[in-house]
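The values are calculated or read from the model by the stated rules, or taken from the named source; none is laboratory data. Predicted model, so just to flag it, every value in this text is computed and none were measured. Cβ atoms come from the backbone with ideal geometry, glycine included; neighbour counts cover every protein chain shown.
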Amino acid sequence: MPYRCKENLAGDKILKSRTFRIVANPFFAICSQIFSFYLLWKLVGDLKFTLVMWIGIRIFALWVNMIQNYWTHTRDFGYRRYNDEEDNAMNIGEWLPVTATFSACLQNNHHHYEGLLRLSHDKSEYDFGFLTVKLMKYFRLVKATTKGEELPKDIPLGALDFRAFFFFV
């Protein structure tokens, strides 16, 4: 939404974008917010509680967005596992931001190996997103690809550990 995309790059050719994205339409954005408020109000039945809950969810979503898009992309917060000089991405490894962003706050790891599903690159890093994917694999909702089961050599984990599992801590 903050940047309008008028052109798509495809190889050496520039193609004009002819697709219409309904979610980028401001009318749709306003209507969807009104509808979500109305639906929550009808579900809960109390207008004051609905208003507090609806605003609270938006504040939480803004906080998650700030973690993922600002705090993990500036060198002021977190730590760096990989020292890529052109990249400012950092890891914020506390349990609450990791859980709230489904591990997207491990941005330094993600930028170093952007195609790797597992964002924790050491046993000391908590990876809620990967635990969620492993749970989905247990219920046979997802399947690991051949590439998805490969682990890069410089990650200090012994295995990707994408076998089926089920446990509660």
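When restricted to residues that are over 18 Å from Phe77 (Cβ atoms) and part of a loop (DSSP other than H, G, I, E, B), region 125-146 contains 9. Against the definition (among the polar types (S, T, N, Q), at pLDDT 80 or above and surrounded by fewer than 17 Cβ atoms within 10 Å (Cβ to Cβ)), how does Thr99 come out, yes or no? In short, yes. Within this structure, Asp154 fails the test of being among the acidic types (Asp, Glu), under 13 Å from the mean Cα position of the chain (by Cα) and either modelled with pLDDT under 90 or farther than 30 Å from Gln33 by Cα (or both). Residues in region 55-84 that are outside any loop (DSSP other than H, G, I, E, B) and touching a strand residue (DSSP E or B) at 6+ places or on another chain (Cβ under 9 Å): Thr72, Tyr79. For the criterion of being modelled with pLDDT under 85 and of a type in the set (Gly, Ala, Ser), Ala10 passes. State which residue is surrounded by the fewest Cβ atoms within 10 Å (Cβ to Cβ) when the search covers only region 44-80 and only residues that are farther than 25 Å from His112 by Cβ and basic (Lys, Arg). Across region 44-80, the extreme among qualifying residues is Lys48. The residue that is modelled with the lowest pLDDT, among those in region 15-49 that are farther than 26 Å from Phe102 by Cα and among the polar types (S, T, N, Q), is Ser17. Among the residues making up region 134-150, those that are over 21 Å from the mean Cα position of the chain (by Cα) and either closer than 28 Å to Arg80 by Cβ or of a type in the set (Lys, Arg) (or both) are Arg140, Glu150.
Six or more apart or on different chains, Cβ atoms under 7 Å: show the pairs whose first residue is in region 128-140 and surrounded by 14 or more Cβ atoms within 10 Å (Cβ to Cβ) and whose second is part of a helix (DSSP H, G or I). Cβ pairs passing all conditions: Phe128/Val98; Phe128/Thr99. Please work out if Gly115 is touching a strand residue (DSSP E or B) at 6+ places or on another chain (Cβ under 8 Å) and in a loop (DSSP other than H, G, I, E, B). Against the criterion (touching a strand residue (DSSP E or B) at 6+ places or on another chain (Cβ under 8 Å) and in a loop (DSSP other than H, G, I, E, B)), Gly115 does not qualify.
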